[in-house]
1. If all Cα-Cα distances of region 120-241 are sorted into 10 Å bins from 0 onward, what percent lands in each bin, rounded to whole numbers?
2. Using a 10 Å cut-off around each Cβ, can you sort 204, 592 from fewest to most neighbouring Cβ atoms?
3. So if the hydrodynamic radius of region 351-405 is defined as the Kirkwood radius over C-alpha pairs, what does Stokes-Einstein give as its diffusion coefficient at 4 °C and 1.567 mPa s, in µm² per second?
4. If you average over every viewing direction, what projected area does the convex hull of the Cα atoms of region 621-692 give, in nm²?
5. Which value in nm describes the separation of the simple spin-label points at residue 45 and residue 349, placed 7 Å from the Cα toward the beta carbon?
6. Using the structure shown, list the pairs from 204/449; 449/592; 58/204 with a Cα-Cα distance above 29 Å, or answer none.
7. Distance between the C-alpha centers of region 34-109 and region 392-427? Whole Å please.
8. Just report the Cα centroid separation between region 196-249 and region 333-381, whole Å.
Amino acid sequence: MPIIPVSGRDQTWAALTEESAYVFGVLEEGRVVQWYWGPRLPAEALSEVVSETPGWIKTGFLDPDDIAELLPVDGGRRWGVPALQAVYEGGVRSVELDFDEAVSGENSLELVLRDRAHGLRVGLHLRLRDDTDVLERWVSVTNESTAPVRLQRLDSGSWVIPEQAGAVFLGAAGGWAHETQLQRGELPVGETTFGSRTGTTSHKANPWIMIGDAGEDRGRVWTVALAWSGSWRMTTQRRPEGDIAVSAGFGHEGLIWPLAPGRTLRTPPALGLFTDGGYGEASAAWHAYARAHVLPTPGEVRPVLYNSWEATGFDVTEEGQLGLARRAADLGVELFVVDDGWFAGRTDDTRGLGDWHPDPDRFPDGLGRLFDGVRELGMQAGLWVEPEMVNPDSDLYRKNPDWVLHYPARRRDTMRNQLVLNFARDDVRAWALDWLDRLVREYGLAYLKWDMNRSFTQAGPGDLLWIDHTRGVYAVMDELRSRHPRLRIESCSGGGGRADFGILRRTDQVWTSDNTDARDRQPIQQGFSYLYPASVMSCWVTDSPNAVTQRSVPLRYRFHVAMAGTLGLGGDLRSWSTEELTEARSLIAAYKEVRQTVQHGRLHRLFGQPGVTASAVQYVLDSQVVVLAYHPYGLTKQPPRRVRLAGLDPSAVYCFDDTRVHGATLMNHGLALPTWFHTGEDYRSEMVVLRRV
Ligand code: GLA
């Protein structure tokens, strides 16, 4: 897709995608402003959006353009949220940029601006892809002077949301065991910051926002997302005059990044997407973008995995794991993952992290027999690791106390008895890569669950580590994958604390939440689905009552909820009855029949508030249609008697059981749910699979 100069206008460009246009240009004083972002306009109309901002009384208190900029700086006539704040030598803070040149590449453009007095070069980058409406923007800042510069904020860019969008936003917020809860409301006048100061993406908020007057299948939606896995912030700014800008970037307030002479700091991409077709269309576009441009293995079908954490905790033994493995294999599981508790001294969470070799007491001959046994059962082998962490009670820490985030003469606060290793350090990364590489090679591992179980504290030395730690994690994962092309990685951070388009470039799936209660999972999965496709949403069926919530939920409902993503098992299979094992076996077989569609198809969130009222989701791929319907309650909150399906070919005929119905009927009159779905015990669920004839 092209980025073209707008004819008849100097220094003005339009980024055109199939459905959208994004028009921007340079004003005097090096201000690069957004003129338009919305539905695609004809080429000859593009210049018509370039005009002086109308309608506001001119005063000495406000510059109408200061939040229209792609990168508002702290300097000159601006009073909005700065996306770039720099302090030059002598304490000078007013950044004053001149436009220098536009450098075009294939589907990309860099606008080069310079602060001549202080030798700061700023590159505003924009890139399009051929098959998506997502715009990728990032910024690079280079110190071309001989004096140090300090950066106090460097966002990937600011996006103007047109006034017609209104101020209703949708985002995902939460906490441990209740990640990605949808949060909807009207943005207040003022500045609202979503973000994380934890050093990771965090459970508290996920780095995206949708703004628009929309429903699931109607309405215009503007999304901004950030592809970053460390601390981040996204500030919405709604002026009393009515307009809204969203600035997104890495870091958080208070950090100061030194930029030495000759050095460049480059931001992660901020992604913008305009869609007209409701939240459903927006999600579908994000999922397609993830498959085409983010995920390392988008075409694969994810295997059904078993994970031993909830069954055995730290009590990991060869015989115990093989006992579970035999049961898992018998059910149709394809990948067996040994979780925490396998390495030296790790009998609880007070010690062991850092000493990444099999515990000599429990595995005197290593893990070879265990994983060979797993493979003999026809499954692939996977292992839990937490490379960024160390327990003070470990040989690694006793030998390298300086490797952790710390300041001299400050406490080293532990959380879950552990400290964070500084992945900004070359020696730490080299150490991690070395043992991870050996482990994968020695045991022929197909899968790593890469966990990260605490936030940063006392994070020194140097504020750049907030960026470099995250990049260090990326680098180790990237190198590991390049050495082991068949290795797959799951991103975990106490559940879903690290799910974003940055980590998803090098991981194949995400552990969505430590909360495996099916009912609680439904809203978590719903929120997750807004940006990320079902193939990366790892969902386990665990025991009932649930270990975290103590809620009892029937096996079938637990399965049907987990089958809406990438199915796994995490229960103590030794305690499941023969009937439960039989039911599980047939549900796993049923999942394998539909998983291509669930994982890679088009998602439709059909109706209801998942986990609260009756609800249903649908996936469509080629000729298969999969509907999963849930009803957690008894007689209250009656569900509709018919579920109206979506995204079908109206004139085609679809069949299920012995019934044949037109797509038009299914989408307008609906698919009848069985009577038992309306009456009977709590937690009723059904999967209906249709095929287009
Ligand atoms: C984190 C993960 C869990 C499990 C434990 C092990 O909490 O989210 O799934 O791996 O660590 O200690």
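Every number here is computed from the coordinates shown, using simple stated rules; none is lab data. Since the structure is predicted, the reported quantities are computational estimates derived from the model, not experimental observations. Positions of Cβ are generated from backbone atoms using ideal geometry, with glycine treated the same way; all protein chains shown enter the neighbour counts.
1. With 10 Å bins starting at 0, P(r) equals 11, 36, 36, 15, 3, 0.
2. So the ranking, lowest neighbour count to highest, is 592, 204.
3. Taking Rh from Cα pairs, D becomes 100 µm²/s.
4. Average of the hull's projected areas for region 621-692 equals 4.7 nm².
5. For the pair residue 45/residue 349, the computed spacing is 5.6 nm.
6. Correct reply: 58/204.
7. Result: 43 Å between the Cα centres.
8. 40
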